[in-house]
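The values are calculated or read from the model by the stated rules, or taken from the named source; none is laboratory data. Predicted, not measured: the structure shown is a model, and the values here were computed from it. Cβ atoms come from the backbone with ideal geometry, glycine included; neighbour counts cover every protein chain shown.
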Amino acid sequence: MTTTILTEKNLPTDLVGYNFVLVLADLDPMIGESICHNADDTYTIFINSRWSSEMQRRCFLHALDHVRHNDWEKEDVQEIEGERHETSGTLRTS
């Protein structure tokens, strides 16, 4: 497992100030990413190490979109995922 701490230069400007830990993990092949909003208001993003680098990039952007839209305050998972897939790829990292 590899862990990387992201810095402000890696993030879209509207996410600067958030704290992320990115973990490449051997997840189930059907799971691209998983996010944990931690008690200290940081986010841990788990990305599937089995997937290609392009799919990992897409999963990372998808995870950031969940953070951007504060999806932890919503209850309907299907609605959340539907909204995120509509906006998928709208985030870009530098």
Q: Return the total of residues in region 43-94 being at pLDDT 80 or above and of a type in the set (Asp, Glu).
A: 2
Q. For region 13-49, what are the residues that are surrounded by 15 or more Cβ atoms within 10 Å (Cβ to Cβ) and not in a strand (DSSP E or B)?
A. LEU15, LEU27, GLY32
